[in-house]
Amino acid sequence: MKYSCIKKEVEKAVAQANFCLRPDVKKALKKAYASEKVLKAKTALGWILDNAGIAEKESIALCQDTGLPVVFIEAGKKMRISGGLIAAVEKGIEAGYRKNSLRPSIVDPLDRCRPSYKGMAYHIDFFSAGRKLKITILPKGFGSENKSRLKMFNPTAEPEEIENFITEAVKEAGAQSCPPFVIGVGVGGTCDSALMEAKRALLIRIDKPNPDRKLDRMEKRIFKKVNSLGIGPMGLGGKCTALAVRIRKIPTHIAGLPVGVNISCHALRSSVVELE
């Protein structure tokens, strides 16, 4: 597989992610708009949908915050991974942002110097077999990223305690993070992997039930609690504070129970490149 091909496909995916709202998210927004009774909230949902339509039609950014590119790379075990692949993805990200006039938002964390297009957060996993390559791009805006939360629960914690922690995290995010939200939750692992699973949870389609029945029930309970907060679209009230709650879990240590929360604003953007 040529790295030049990877770069080109990633470049296209950057534009797709930033210009086009995910179909499942758009579907959820339309459903929320149809059922909303509070006029201000319904109007805000209408603006959000109009904005998404204009962005896609005119090939312009869905949001002025074009995010920090988070990249998930999944490869078959028979595929050789090298620094060249990472370099090709980085170049594709930079070219995609630059050529499409997307806002550069990457800075040195301490110097806070002039923003650039150079930089991404990436994670590599492997499929069980084959030579398939899957690259998922998630431009993560920081109005919602800044509201991430982590709590190291005692292993004896009840589900209700976890659900209340997640609900409180959403309450603290409030209107500042541009609701309605999609709420990603990671349970298990270590402190860092719980937060990573929370971010991976944002990549799960929100128009399908969780295949894990226990997690599906938990998602529904949290969804109900969050939407009872009354924050609503852009903080204008109404019943749609969240579009969905998605939970992923991984094994953890007998002495721990990490729970990470990663919130996305209504502009949940991601795109996928699949190559063989």
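Filtered by the rule that a residue be in a loop (DSSP other than H, G, I, E, B) and hydrophobic (A, V, I, L, M, F, W, C), the stretch 214-251 gives 229, 231, 236, 240. Reported count of residues in the stretch 170-195, each being more than 16 Å from the chain's Cα centre (by Cα) and small (Gly, Ala, Ser), is 4. When 86, 93, 81 are checked against the criterion of being farther than 30 Å from residue 165 by Cβ, modelled with pLDDT under 95 and in a helix (DSSP H, G or I), a single residue qualifies: 86. Scanning the stretch 27-38 for residues that are surrounded by fewer than 18 Cβ atoms within 10 Å (Cβ to Cβ) and either under 17 Å from residue 56 (Cα atoms) or among the acidic types (Asp, Glu) (or both) gives 27, 30. Taking the stretch 1-72 and the helices (runs of 4 or more DSSP H) fully enclosed by it, the elements with 2 or more residues that are over 27 Å from residue 116 (Cα atoms) and not assigned by TED's automatic domain parsing to the domain that holds residue 178 are at 23-35, 39-58. Against the conditions (1) modelled with pLDDT of 95 or more; (2) buried (at least 16 other Cβ atoms within 10 Å of the Cβ); (3) touching a Gly at 6+ places or on another chain (Cβ under 8 Å), residue 155 satisfies every one except (2). Restricting attention to the stretch 234-265, the residues that are closer than 17 Å to residue 175 by Cβ and in contact with a Cys (Cβ under 6 Å, 6 or more places away or on another chain) add up to 1.
Among residues of the stretch 215-242 that are among the hydroxyl-bearing types (Ser, Thr, Tyr), those with a Cβ under 7 angstrom from a residue that is modelled with pLDDT of 95 or more and outside any loop (DSSP other than H, G, I, E, B), sequence gap 6+ or separate chain, pair up as 241/170; 241/181; 241/226; 241/227. The residue that is farthest from residue 98 (Cα to Cα), counting only those in the stretch 122-136 that are hydrophobic (A, V, I, L, M, F, W, C) and either outside the structural domain of residue 89 (by TED's automatic domain parsing) or touching a Lys or Arg at 6+ places or on another chain (Cβ under 8 Å) (or both), is 129.
Is it the case that the stretch 131-139 has a residue that's among the hydrophobic types (A, V, I, L, M, F, W, C), in contact with a Cys (Cβ under 9 Å, 6 or more places away or on another chain) and surrounded by 14 or more Cβ atoms within 10 Å (Cβ to Cβ)? Looking for residues that are among the hydrophobic types (A, V, I, L, M, F, W, C), in contact with a Cys (Cβ under 9 Å, 6 or more places away or on another chain) and surrounded by 14 or more Cβ atoms within 10 Å (Cβ to Cβ), one finds none in the stretch 131-139, hence no.
The residue of the stretch 153-172 that is farthest from residue 194 (Cα to Cα), among those that are among the aliphatic types (A, V, I, L, M) and part of a helix (DSSP H, G or I), is 170.
Taken over the stretch 219-241, the criterion of being under 22 Å from residue 188 (Cβ atoms) and either among the basic types (Lys, Arg) or touching a Pro at 6+ places or on another chain (Cβ under 6 Å) (or both) is satisfied by 220, 221, 225. State all residues of the stretch 223-265 that are of a type in the set (Phe, Trp, Tyr) and more than 21 Å from residue 49 (Cβ to Cβ); if no residue qualifies, say none. Passing the criteria: none in range. Residue pairs whose Cβ atoms lie under 9 Å apart, separated by 6 or more positions or on different chains, with the first residue in the stretch 162-179 and in contact (Cβ under 8 Å) with a residue 60 or more places away in the chain and the second among the aromatic types (Phe, Trp, Tyr) and surrounded by 13 or more Cβ atoms within 10 Å (Cβ to Cβ), are 162/153; 165/153; 170/181; 173/181. The residue of the stretch 119-129 that is modelled with the lowest pLDDT, among those that are part of a loop (DSSP other than H, G, I, E, B) and exposed (fewer than 13 other Cβ atoms within 10 Å of the Cβ), is 128.
The values are calculated or read from the model by the stated rules, or taken from the named source; none is laboratory data. Worth saying up front: this structure is predicted, and the values here are computed from it rather than measured. Note: ideal-geometry Cβ built from the backbone for every residue, glycine included; neighbour counts use all protein chains shown.
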